[in-house]
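These notes concern the structure reproduced below.
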Amino acid sequence: LGLHDERHSVLELAKGKLTTDPDNHTGEGIFFSSRMFDSFTILSGNVYFSHTHGEVEDWILEHQKSQTGTMVVMKLSNNTSRTSKQVFDSFTSDDDYGFTKTIVPVRLTQYGDDKLVSRSQAKRLLVRVDKFKTVIFDFNEVESIGQAFADEVFRVFANRHPDMELVPLYANNAVMQMINRATSSEKP
């Protein structure tokens with residue numbers, strides 16, 4: 001799959017449609033499972049990923065000590081009113097019920113104190129998102145992005161995929177300035 005480490009794996013799993021066997025699996029299982037349960041956690045190597053229903057953000061933590069193996073923990077309230085149909089409906093299109101929408105946590109592209117400034121970082125973020133019609137880029141916990149990063153995502157990629165909708169979410173003023181600069185009518 002060409003994944004660099006566990007953190008990169010979490011970024012790709014968070015997008016959905018990741019599979020090692022596309023002839024037999026859609027790659028949607030972990031994505032939808034993580035959203036059906038009240039709490040969904042994966043601990044692998046030195047990375048801890050957790051998605052909690054109703055929370056805006058997923059958690060990803062890195063531990064100094066790496067563990068061998070992978071552990072998955074799923075919790076669901078016996079009294080939940082959430083249905084699988086509601087979960088599927090929030091990420092599928094009305095016309096064919098296909099898995100057409102995803103949310104990408106942009107902060108997972110950052111490593112340590114890295115700033116999101118380069119086209120190569122943007123390209124890593126954009127891997128496989130062309131499989132969706134709507135991509136919501138969650139900028140929660142991202143303080144700033146560089147001009148090249150914004151340009152690659154919101155101008156270059158957008159121009160190559162005009163039928164896709166790219167939506168920034170939870171972007172602060174500094175991030176929105178770079179996005180607006182990239183999407184302005186003044187093209188280089």
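Derivation of every value follows stated rules applied to the coordinates shown; laboratory data play no part. Since the structure is predicted, the reported quantities are computational estimates derived from the model, not experimental observations. Note that each Cβ is placed from the backbone with ideal geometry, even for glycine, and that neighbours are counted across all protein chains shown.
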- Message: Suppose we keep just the DSSP beta bridges with both residues in the chain; what percent of those would be antiparallel, to 5?
- Response: 60
- Item | About the Cα centre, charge dipole magnitude for the stretch 100-188 (Lys/Arg +1, Asp/Glu -1 at Cβ), debye | 320
- Summing -39500 (n - 2.57) over every DSSP H run of at least 4 in the chain, dividing by its residue total and rounding to the nearest 500, the 222 nm mean residue ellipticity is -7000 deg cm²/dmol
- Task: Mind giving me the nanometre distance, one decimal, between the label points for Lys65 and Asn173, set 7 Å out from Cα along Cα→Cβ?
- Result: 4.5
- Item | Set of lysines with alpha-carbon distance to Lys85 below 19 Å, sequence-local pairs under 8 removed | Lys17, Lys75, Lys101
- For the chain, find the longest principal axis of its Cα atoms and tell me its angle to the long axis of helix 6-15, 0 to 90°, nearest 10. 80
- Say each of Thr52 and Asp38 gets a label point 7 Å from the Cα, pointing the same way as Cα to Cβ; how far apart are those two points in nm? 1.2
- Want the number for Ser90 to Ser118: 0.36 nm per residue separation, take away the alpha-carbon distance, what's left? 6.9 nm
- chymotrypsin sites (Phe, Trp or Tyr not before Pro) within the stretch 79-172: DSSP coil, no more than 10 neighbouring Cβ in 10 Å: Tyr97
- Query: How about the stretch 99-188: which GluC sites (Glu not before Pro) there lie in a loop by DSSP and see at most 15 other Cβ atoms within 10 Å?
  - Reply: Glu141, Glu143, Glu186
- Note on the structure: For semi-axes √(5λ) of the Cα gyration tensor in Å the list reads (i) 37, 22, 14; (ii) 36, 16, 15; (iii) 27, 21, 16; the calculated value is entry (iii)
- Query: Relative to the present Cα-Cα distance, how much length would full extension add between Leu76 and Asn180 at 0.36 nm per residue of separation?
  - Reply: 33.4 nm
